[in-house]
Amino acid sequence: MKPHIKAAWLGVAASMAMAAAMADVGKDERLKLVVEPYERHLVLLEMRNFLRVWQVMTDSLIKEDMQTLADAARSMGSGAANEIPPETVAKLPETFKMLAGTVHTSFDMIALDAESLGDPGHTLRQMGVLLQTCNACHGIYQVSTETVPQLKQKSSASAKATAVKPAR
Ligand code: HEC
């Protein structure tokens, strides 16, 4: 995807996340991605790995140990992107896949820059931008194993239908 298109998508995702946050009064309004239990487990496992790696990165940043930081970041880069099986990926909406792709390529970029520039301030700024992508996606989606998808609901079904329809 071309960078300007990606930026536009991110803008859309961020405003959706903001709208979701404002509507969030005791009710989970995030789009429900309906998957099998093992798929939910794999998605959440990857998420916890993001957070685990994030902790190594902040620790390394304090020590200005940019090589350890780069190694940690790279472990969540594009090389880690295929840990979710293709049949699961096929169920995910385009925006979700785009945001996930942005996260993986951002980890790659952070690793490269940490090695070549060795500038903790630069890395910290990149990490801040990356967190915006984490937050954007968290504001939009939830993963569910509910067998009856929200397609059954009459109102506001159109937005939710796109989330459960296999993306082709
Ligand atoms: C493409 C979308 C997307 C991106 C990008 C994303 N997440 Fe998530 N994350 C989710 C979804 C969906 C859930 C499950 C939310 C739910 O069902 O309530 C989740 C859950 C989590 C959880 C909870 C895991 C658990 O076991 O319950 C953590 C921690 C997490 N994400 C961390 C991160 C971090 C850190 C980043 C950025 C580096 C990130 N996520 C980026 C979609 C995303």
Problem - Point-charge dipole on Cβ atoms (K/R +1, D/E -1) for the stretch 37-139, about Cα centre, debye to 20 - result: 340 debye
Handout entry: Label-point separation, Arg48 to Asp28 (7 Å along Cα→Cβ), nm
Key = 1.7 nm
Exercise for the section: Using θ = phi - 60° and the Karplus relation 6.51 cos²θ - 1.76 cosθ + 1.60, list the HN-Hα couplings for the stretch 123-135 in order, rounded to whole Hz, with x at every Gly or Pro. Expected result: 4, 4, 4, 4, 5, x, 5, 4, 4, 4, 5, 4, 5
Completion exercise
Semi-axes a, b, c in Å (a largest) for the stretch 37-139, each sqrt of 5 times a Cα gyration tensor eigenvalue, come to 26, 13, 12
Exercise for the section: May I ask you to list the aspartates and glutamates whose Cα is less than 19 Å away from that of Lys91, ignoring any residue fewer than eight positions away on the same chain? Expected result: Glu36, Glu39, Glu46, Glu83, Glu146
Handout entry: Peptides ranked, highest mean first, by Cβ atoms within 10 Å: ranges 127-138, 67-78
Key = 67-78, 127-138
Handout entry: Normalised contact order of the stretch 37-139, rounded percent, pairs of Cα under 8 Å and 6 or more residues apart
Key = 29 percent
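Throughout, read-outs are computed from the coordinates displayed, never taken from laboratory work. Just so you know, these numbers come straight off a predicted model, no measurement behind them. Quick reminder, even Gly has a Cβ in these numbers, built from the backbone with ideal geometry, and neighbours come from all protein chains shown.
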